[in-house]
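The values are calculated or read from the model by the stated rules, or taken from the named source; none is laboratory data. It should be emphasised that the depicted structure is a prediction, and the values quoted were computed from it without experimental measurement. In this analysis, Cβ positions are derived from the backbone assuming ideal geometry, glycine residues included, and neighbour counts consider all displayed protein chains.
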Amino acid sequence: MSDSALATACAQVRAAQSGAPVIKAFFDEPTFTVSYVVHDPETHRAAVVDSVLDYDPASGRTSRASADAILAYVKDKALGVDWLLETHAHADHLSAAPYLQKELGGKIAIGEHIATVQQVFGAVFNAGPEFRRDGSDFDALFADGDTFKIGNLDVTVLHVPGHTPACIAYVIGDAAFVGDTMFMPDYGTARADFPGGDARRLYQSARRLLSLPPDTRLFMCHDYLPEGRTNYVWETTVEAERKANIHIHDGISEDEFVAMREARDKTLAMPRLILPSVQVNMRAGHMPPPEGNGMTYLKIPVDAL
């Protein structure tokens, strides 16, 4: 079966060995999340990938130290931000995309299957009629195989569901930003037990990413510091993942992976910030509307997950 989107991405990676994107990572240790600023060295046009809004669940307070570090870098490098890219509706941190958009401009974008996530979690949080479940809270929705530019850099979008129905990867020049589909080789792959998750589709998505050229740079959305390693890392290659990923290296069959993933997922607790994160991120990083007293509330559904 042909895969024209993957073929486009592969050709793009091979052509991008010169003029590769400049990539700056920002690691948020409380949520183990890696955000990125990616820019074209020729035009200085840029995108921000998977930004973080700091959130204290005990007090309900938000703060912007993580986002302000990105803001300072963008201003220091005199970059122009065209895109605020989300790989999926994260369950472990709140997005800072609206704050960065206000300060820097750019369009907030995600995969078109966010509408599926909005339908599921709109019901979980009993969101009111003002919450549109069609993705229109975002400025742009990407389909599998869509292409666009960051300055002179080519970008190809790959739909990689499994962790969530809406997960996408951005192949920017010779680099792929894979969201939660995969982690570093010594940590494996993402869970697939959230509503709409599917271990079999996760396997297929991961193997699709691993069909990119071997020297494609892969950038993770998280690093959880597995036992035996003392430093956080988030960059690897297709070749390294195919050789050594503990869950999905070459030779692991789909059925073997699904059995492992489903058994492992049954042992995992829900992410600490899943309830505040999803109800914000499904709104493109915006908070729910204020109630009659002018205050904004995040709901905690009981026994729902």
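Note on the stretch 145-173: residues that are outside any strand (DSSP E or B), under 12 Å from Thr8 (Cα atoms) and touching a residue at least 24 places away in the same chain (Cβ under 8 Å) amount to 2.
Evaluated against (1) surrounded by fewer than 18 Cβ atoms within 10 Å (Cβ to Cβ); (2) more than 24 Å from Lys24 (Cα to Cα), Val117 falls short on exactly one condition, (1).
Quick one: what pairs do we get from the stretch 6-19, first residue under 17 Å from Ser205 (Cβ atoms), second modelled with pLDDT of 85 or more and in a helix (DSSP H, G or I), C-beta under 7 Å, 6+ apart or different chains? These pairs meet every condition: Leu6/Arg208. Which of the residues that make up the stretch 91-144 are in a loop (DSSP other than H, G, I, E, B) and in contact with a Pro (Cβ under 9 Å, 6 or more places away or on another chain)? Ala91, Asp92, His93, His113, Phe125, Asn126, Ala127, Gly128, Glu130, Phe131, listed by residue number. When Lys24 is tested against (1) closer than 20 Å to Phe183 by Cα; (2) over 17 Å from the mean Cα position of the chain (by Cα), exactly one condition is not met: (2).
Out of curiosity, is Pro289 over 17 Å from Asp198 (Cα atoms) and either among the aromatic types (Phe, Trp, Tyr) or over 20 Å from the mean Cα position of the chain (by Cα) (or both)? Spelling it out, Pro289 is indeed over 17 Å from Asp198 (Cα atoms) and either among the aromatic types (Phe, Trp, Tyr) or over 20 Å from the mean Cα position of the chain (by Cα) (or both). For the stretch 194-243, taking the residues that are of a type in the set (Ser, Thr, Tyr) and without any contact (Cβ under 8 Å) to a residue 24 or more places away in the chain, the one that is surrounded by the fewest Cβ atoms within 10 Å (Cβ to Cβ) is identified as Thr230. Residues in the stretch 1-20 that are touching a Pro at 6+ places or on another chain (Cβ under 9 Å) and over 22 Å from Ala143 (Cα atoms) were compared, and the one that is modelled with the highest pLDDT is Ala20. Filtered by the rule that a residue be farther than 18 Å from Met220 by Cβ and either in contact with a Gly (Cβ under 9 Å, 6 or more places away or on another chain) or modelled with pLDDT under 95 (or both), the stretch 21-56 gives His39, Asp40, Pro41, Glu42, Thr43, His44, Arg45, Ala46, Leu53. Filtered by the rule that a residue be surrounded by fewer than 17 Cβ atoms within 10 Å (Cβ to Cβ) and touching a residue at least 40 places away in the same chain (Cβ under 8 Å), the stretch 33-45 gives Glu42, Thr43, His44.
Out of Leu71, Leu53, Leu6, one residue alone is buried (at least 23 other Cβ atoms within 10 Å of the Cβ) and under 20 Å from the mean Cα position of the chain (by Cα). It is Leu53. For the stretch 198-234, filtered to residues that are outside any loop (DSSP other than H, G, I, E, B) and among the small types (Gly, Ala, Ser), the residue that is nearest to His249 (Cα to Cα) is Ala206.
When the criteria are applied in full, Val48 meets the requirement of being touching a residue at least 24 places away in the same chain (Cβ under 8 Å), under 19 Å from the mean Cα position of the chain (by Cα), outside any loop (DSSP other than H, G, I, E, B) and buried (at least 19 other Cβ atoms within 10 Å of the Cβ).
For the stretch 248-298, the candidate set comprises residues that are modelled with pLDDT under 95 and among the charged types (D, E, K, R); within that set, the residue that is surrounded by the fewest Cβ atoms within 10 Å (Cβ to Cβ) is Glu291. Say we look at the stretch 255-305 and pick out the residues that are in a loop (DSSP other than H, G, I, E, B), touching a residue at least 40 places away in the same chain (Cβ under 8 Å) and among the charged types (D, E, K, R); which of these is farthest from Asp92 (Cα to Cα)? Looking at residues that are in a loop (DSSP other than H, G, I, E, B), touching a residue at least 40 places away in the same chain (Cβ under 8 Å) and among the charged types (D, E, K, R), I get Lys266.
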